Amino acid sequence: MVLVDSGGRVFGRVSVVDLMVAVVLLAVLAIVVKLFVLGGPETWVYVEVQLCERNPNPMYTGLVKCGQSMPLFADAVSRGDVVYLGDAPVGEILEVDSFPVLSDLYDINLRVRLKAEIDENSRVFFDNSELKAGSNIRLDTGRTSVVGVVSRLSLNSLSEVQPKFTSKNVALVLYSVRPWLADSINVGDRDVDFKNDMVYAVVSGKSVLPAEVFTLTDDGRVLREYNPLFNDVLLNVSVMARVERGRLMYRGSEIKVGGRILVLAGENAINGTITDVW
């Protein structure tokens with residue numbers, strides 16, 4: 001039997017031109033399925049995620065309370081947890097920071113390795129959504145499902161999404177506090193992330209002075225006096241400040257003279273005014 005007859009038909013049945021068109025169409029279909037159904041080529045990416053909460057109003061998709069999660073979320077995720085899409089493992093939680101911003105709220109940040117897809121424009125996709133700084137993401141570990149906002153993304157290494165810290169000494173003053181509060185603050189009190197056993201701040205120095213008050217006399221003079229019922233407390237605190245876009249941050253507040261930061265040292269919530277940084 002002749003493979004191609006004089007009419008250009010294969011085995012006398014199919015036109016060579018029709019066969020070539022069919023092959024081209026099948027190739028195009030394969031490319032479309034790969035890119036839009038199966039996705040682009042897969043690779044491991046490293047992502048830092050700040051946990052948030054879902055908006056209680058179903059009409060809005062934006063997340064709320066980012067950096068202010070309840071303690072149950074700090075206990076729900078751990079280093080080594082596997083991330084799933086359906087039943088398929090697609091990633092792993094590499095690091096967890098649970099930084100208390102108030103006595104009952106935590107700023108929880110995860111560093112995660114995920115199996116993502118890269119399209120022809122070098123965009124990164126996970127769970128059919130583009131991954132980039134500011135985008136929402138959902139992570140399912142089997143035990144719990146959490147949502148958050150992507151703060152950093154790297155195609156290269158974990159170190160590129162890890163936070164940068166620097167040690168600073170901060171002078172704080174607490175004006176007109178009760179003596180019992182002044183007495184309860186001790187040198188050596190620490191602000192600790194117990195989940196990761198990381199010390200974020202240590203009270204390194206303390207002075208207690210009578211609280212100053214200023215009164216205006218009838219003749220217009222200003223007198224400096226002391227209130228025996230209150231104290232001014234001067235503290236030196238060594239802190240691990242997080243470097244964010246050139247700014248020094250602690251518990252979400254910028255460290256600068258005249259500003260205020262909250263330090264949970266020992267059993268106390270110290271909210272002081274910054275008088276010096278070095």
Lone qualifier among Leu216, Leu209 - being out of contact with any Lys or Arg (no Cβ under 6 Å at 6 or more places or on another chain) and either at pLDDT 90 or above or assigned by TED's automatic domain parsing to the domain that holds Ser78 (or both):
Leu209
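Regarding Leu139, is this residue closer than 30 Å to Glu92 by Cβ and touching a strand residue (DSSP E or B) at 6+ places or on another chain (Cβ under 7 Å)?
It is true that Leu139 is closer than 30 Å to Glu92 by Cβ and touching a strand residue (DSSP E or B) at 6+ places or on another chain (Cβ under 7 Å).
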Scan segment 49-70 and give yes if some residue there is at pLDDT below 75, in a loop (DSSP other than H, G, I, E, B) and either hydrophobic (A, V, I, L, M, F, W, C) or crowded, with 18+ Cβ neighbours inside 10 Å (or both), otherwise no.
yes
In segment 97-118, the residues that are charged (D, E, K, R) and at pLDDT below 90
Asp97, Asp104, Asp107
Could you identify the single residue in Lys168, Lys195 that is among the basic types (Lys, Arg) and either at pLDDT below 90 or in the same structural domain as Leu51 (by TED's automatic domain parsing) (or both)?
Lys195
Scan segment 110-125 and report the pairs whose first residue is outside any strand (DSSP E or B) and whose second residue is of a type in the set (Phe, Trp, Tyr), with Cβ atoms within less than 9 Å and a gap of 6+ or a chain change.
Asp119/Phe125
Apart from one, (1) surrounded by 16 or more Cβ atoms within 10 Å (Cβ to Cβ); (2) touching an Asp or Glu at 6+ places or on another chain (Cβ under 6 Å) all hold for Val124; the odd one out is (2)
Here is a list: Val149, Val161. Which entry is among the hydrophobic types (A, V, I, L, M, F, W, C), touching a Lys or Arg at 6+ places or on another chain (Cβ under 7 Å) and surrounded by 15 or more Cβ atoms within 10 Å (Cβ to Cβ)?
Val161
Just the residues that are buried (at least 21 other Cβ atoms within 10 Å of the Cβ), of a type outside the set (A, V, I, L, M, F, W, C) and free of Cβ contacts under 8 Å to residues at least 60 places away in the same chain, please, taken from segment 78-109.
Gly91, Tyr106
Could you list all residues from segment 164-194 that are acidic (Asp, Glu) and either more than 30 Å from Asn55 (Cα to Cα) or in contact with a Lys or Arg (Cβ under 6 Å, 6 or more places away or on another chain) (or both)?
Asp183, Asp189, Asp191
Residue, nearest to Trp44 (Cα to Cα), within segment 126-138, restricted to residues that are in a strand (DSSP E or B) and in contact (Cβ under 8 Å) with a residue 12 or more places away in the chain
Phe126
Any residue at all in segment 168-191 that's in contact with an Asp or Glu (Cβ under 9 Å, 6 or more places away or on another chain), exposed (fewer than 14 other Cβ atoms within 10 Å of the Cβ) and free of Cβ contacts under 8 Å to residues at least 60 places away in the same chain?
yes
Ala269 passes all but one of (1) touching an Asp or Glu at 6+ places or on another chain (Cβ under 6 Å); (2) in contact (Cβ under 8 Å) with a residue 12 or more places away in the chain; which number fails?
(1)
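The values are calculated or read from the model by the stated rules, or taken from the named source; none is laboratory data. Values in this document were obtained by computation on a predicted structure and should not be read as measured data. Note that each Cβ is placed from the backbone with ideal geometry, even for glycine, and that neighbours are counted across all protein chains shown.
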